[in-house]
Every structure is written in C-alpha cells, then in structure tokens.
Amino acid sequence: MSFQSRIAVCLAALALAPGALAQQTGTTTTESIAVKTQNKSGVVETVAGNKVVLREADGLHEYNLPDGFKFQLDGQPVGVDQLKTGMTVNAAITDKVTTRKVTVTRIDSGTVAQVAPGGIVLKDKNNDLKSYNFKDPAGNDIYFVRDGKEVPLRNVKVGDRLSGTFVSTLPEQQSSQRTVVAKATEPTPPPEPAPTAVAAATPRRLPKTASPLPLVGLLSLAAAAAALGFRMARLSR
C-alpha cells in the first residue's frame with residue numbers, strides 16, 4: 001500500500017469514527033463522592049401493598065417502597081403491611097452519588113502528515129501512520145503536553161513535529177446509592193374527658209324575715225276547737 005493510500009485510510013477512519021481514540025497506553029481514574037441527606041415526616045393516610053400515602057406539611061405524597069423495606073416501631077423492625085392509618089413516619093433519606101472520571105494518556109512522537117476536519121494523521125519515525133481525533137468521546141478537545149504546555153491538536157499544522165503525551169478524557173460515569181432509615185410511631189390517643197363536678201344539694205332555708213308565730217296561732221285555734229267539742233259532748237249527755 002502506498003503512503004498516500006495509508007493516509008487515505010487514516011482519514012477515512014477519522015471521518016467514519018470521529019469519537020475513536022488512538023491506541024490507549026495508560027488510564028487515570030479519579031472519583032468524587034457527593035452525599036445529600038433529606039428528612040421526610042408525615043402521617044399515614046393509606047397503605048396499599050408497598051404504596052404508602054403520607055400527609056406532609058405541603059400535602060399528600062405517595063411513596064412506592066421496595067420489597068422488604070422495614071420501619072422501626074418501638075425499637076423493632078416492622079414491614080409496610082404493619083403500618084396503620086394515623087401513624088407518624090419520620091425518615092432520613094441519604095443519597096450518595098459517585099462521579100468517576102477516566103483520563104487516557106499516550107506518549108507519542110512524529111510529524112503531522114495530514115490535517116482533516118475531524119483530526120490529524122501522525123507519521124512516526126518508522127513511517128507508521130496513526131490517527132488522532134480533535135475531540136474525545138466526552139466532547140473535549142484532545143491535546144498533547146509538550147515542554148509542560150498543553151497544545152490542542154486542532155491547532156497543529158502539516159509538518160509540525162509533535163513529541164509528548166496525548167491526553168483525552170472519557171465521558172463521566174455516575175452511580176448513585178440511596179439509603180433510607182424510617183421510624184414509625186403509634187398515633188397519640190385522644191385525651192380522656194375531665195370528670196364533671198356535681199354540686200351537693202343544699203337544703204332550702206326560710207328567709208330571715210319568716211316567723212313561727214302563724215304556726216303557733218294555728219295550733220292554739222286547733223286546741224280551742226277541740227276543747228269546745230269535748231264540752232259540747234259532755235253537755236249533750
């Protein structure tokens with residue numbers, strides 16, 4: 001295959017696979033972890049299977065809980081089927097998001113043989129051709145480090161001598177993990193009604209202005225009538 005044919009093959013590879021990377025010689029992986037915690041609190045309205053409807057401060061919210069999910073009730077783990085209407089549920093939800101970044105590096109050197117719309121063709125000292133894209137799969141510019149300086153490949157020209165580390169970054173990968181710790185409490189029973197105080201009946205008293213004299217007069221009149229009756233009876237005999 002002629003030199004021009006080999007360049008054409010490399011250019012075709014750039015055109016057909018603009019996201020392809022040159023041969024990978026090393027990778028560096030960095031991870032960052034973000035943790036977010038939120039608290040939920042509400043009163044159980046309904047329970048149907050694994051679906052629980054809570055009345056929270058801003059209204060009703062439905063939660064579809066995973067199989068085997070447990071609540072803490074009086075220090076004991078209980079299933080969703082043991083929740084009752086009126087119970088109070090407090091839950092701490094923790095989301096852990098891990099972001100992974102992978103950087104691919106390759107130490108190479110050669111002369112730029114061709115510049116295409118999508119990348120360059122590099123010829124090494126053995127006249128072997130290698131293609132490099134301008135952008136990596138993450139959409140970032142690929143660059144090489146020469147004398148401590150970063151040079152984007154899209155800035156090179158035919159005939160430039162390149163010698164250094166070619167660097168590209170793969171798309172970020174994220175993974176998330178959620179943990180929930182929930183506690184349920186029985187509804188508070190309504191307070192017992194206070195006992196009704198019953199006032200003791202007090203005997204009625206005569207007004208201070210009342211007097212026993214009328215009663216004495218009545219008794220005297222009755223005695224006089226009785227005496228008169230006995231006298232008339234004796235006379236009639």
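The values are calculated or read from the model by the stated rules, or taken from the named source; none is laboratory data. Only a predicted model underlies this, so the values are computations on that prediction, with no experimental measurement involved. Cβ coordinates were reconstructed from backbone atoms using ideal geometry, including for glycine residues, and neighbour counts include every protein chain displayed.
Given the structure, is LYS130 modelled with pLDDT under 90, charged (D, E, K, R), assigned to a strand (DSSP E or B) and within 30 Å of LYS36 (Cα to Cα)? It is false that LYS130 is modelled with pLDDT under 90, charged (D, E, K, R), assigned to a strand (DSSP E or B) and within 30 Å of LYS36 (Cα to Cα).
Taking every residue in the stretch 154-177 that is at positive phi and pairing it with any residue that is part of a strand (DSSP E or B) and at pLDDT 85 or above, at least 6 positions away or on another chain, the pairs with Cβ-Cβ distances below 7 Å are GLY159/THR111; GLY159/VAL112. Would you call THR27 in a strand (DSSP E or B) and outside the structural domain of LEU153 (by TED's automatic domain parsing)? No.
Only residues that are touching a strand residue (DSSP E or B) at 6+ places or on another chain (Cβ under 6 Å) and farther than 20 Å from SER131 by Cα: list them for the stretch 163-177, please. Spell out the reasoning first.
Of the residues in the stretch 163-177, the ones touching a strand residue (DSSP E or B) at 6+ places or on another chain (Cβ under 6 Å) are 163-170, 172-177.
Listed by number, the residues that qualify are GLU172, GLN173, GLN174, SER175, SER176, GLN177.
Checked against (1) in a strand (DSSP E or B); (2) touching a helix residue (DSSP H, G or I) at 6+ places or on another chain (Cβ under 8 Å), THR99 passes all but condition (2). What residue, among those in the stretch 146-184 that are among the small types (Gly, Ala, Ser) and modelled with pLDDT under 80, is surrounded by the most Cβ atoms within 10 Å (Cβ to Cβ)? So the residue we want is SER168.
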